[in-house]
Amino acid sequence: MPFSADILWRTPEGVEIRGRLYGDGRRMRSQHALETREPVIITDLRTGQVITLFPDRRGYTLFRAQPGIARADGGHGPCRDVANGQCRGLGEVQWHGRRATKWQTRRRLPQGEVHTTQWIDMERGLVLRHESSDGDQDELRMLGLEKRDGRTVEKWERVRSSGGRAALYSYHWYDPGLGMVVRDELPGGYVRTLTRIMIAPQDSSLFTVPVGYRRLDGVSGYQEGDPGVTLNGR
């Protein structure tokens, strides 16, 4: 769903950073309120490709982000993102009353072989539980529905633990209409929230590299001309 919104980041010390967020259903643009001095981040949600604009230098960089939350699209779960390893599905299960698919992966890393098990929500595509042979655990469950900024959203609790250390709790408010999280409360007191959400088509130029910007050096692992990235006027 195309939209625009104000975005606020707040640190535990009370420092607030404000900006704007735009989405067209496929791409996201995040920018600081001081657009001329701070980088602008444009992310292609399908490919993981990221454009970073530097307005003060009239330049940009390109790179491909690492896979994040495993999605259930196409029934492949996390298997499509597994390299140097094996992945297999274990069928449908229930997790805190939600339908999920269960997956096991085995990866060969420099430090040795790591086994993981994931439970992926069939409706949202979110990882409800993640277990790793190195002792890391991550659980996500929905607590209920709330109203935020006039919209009905889902409140989720995430619990992370590792190596016997105290568990870390975070809370996330997911907007089903937008298909994204509109508020995060993270360990330590960090907060990110969206307000003044406006549902409307967005100008396609927001998600492209402006004419006259030059590619900045020092970025590797990305090929120019990749069809997944739109360069305005090129």
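For (1) among the hydrophobic types (A, V, I, L, M, F, W, C); (2) at pLDDT 85 or above; (3) in contact with a Lys or Arg (Cβ under 6 Å, 6 or more places away or on another chain); (4) surrounded by 12 or more Cβ atoms within 10 Å (Cβ to Cβ), each residue gets a yes or a no:
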position	(1), (2), (3), (4)
76	no, no, no, yes
82	yes, no, no, yes
97	no, yes, no, no
103	yes, yes, no, yes
109	yes, no, no, no
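Do you know which of the residues in region 111-130 that are open to solvent by 60 Å² or more (accessible area, probe 1.4 Å) and within 22 Å of the chain's Cα centre (by Cα) is farthest from residue 176 (Cα to Cα)? The selected residue is 122. Could you go through region 57-68 and let me know if any residue there is in a loop (DSSP other than H, G, I, E, B), open to solvent by 70 Å² or more (accessible area, probe 1.4 Å) and modelled with pLDDT of 85 or more. Scanning region 57-68 turns up at least one residue that is in a loop (DSSP other than H, G, I, E, B), open to solvent by 70 Å² or more (accessible area, probe 1.4 Å) and modelled with pLDDT of 85 or more.
Inside region 1-47, residues that are open to solvent by less than 20 Å² (accessible area, probe 1.4 Å), over 18 Å from residue 198 (Cβ atoms) and of a type in the set (Gly, Ala, Ser) make up a count of 0. Residue count for region 150-179 satisfying the condition of being open to solvent by 30 Å² or more (accessible area, probe 1.4 Å), part of a strand (DSSP E or B) and touching a residue at least 40 places away in the same chain (Cβ under 8 Å): 1.
The values are calculated or read from the model by the stated rules, or taken from the named source; none is laboratory data. Keep in mind it's a predicted model, so treat the numbers as computed, not measured. FYI the Cβ positions are ideal-geometry reconstructions off the backbone, even for glycines, and counts take in every protein chain you see. Accessible surface is based on the protein model in full, side chains and every heavy atom, while ligands, DNA and RNA are left aside. Shrake-Rupley method; radii C 1.70, N 1.55, O 1.52, S 1.80 Å.
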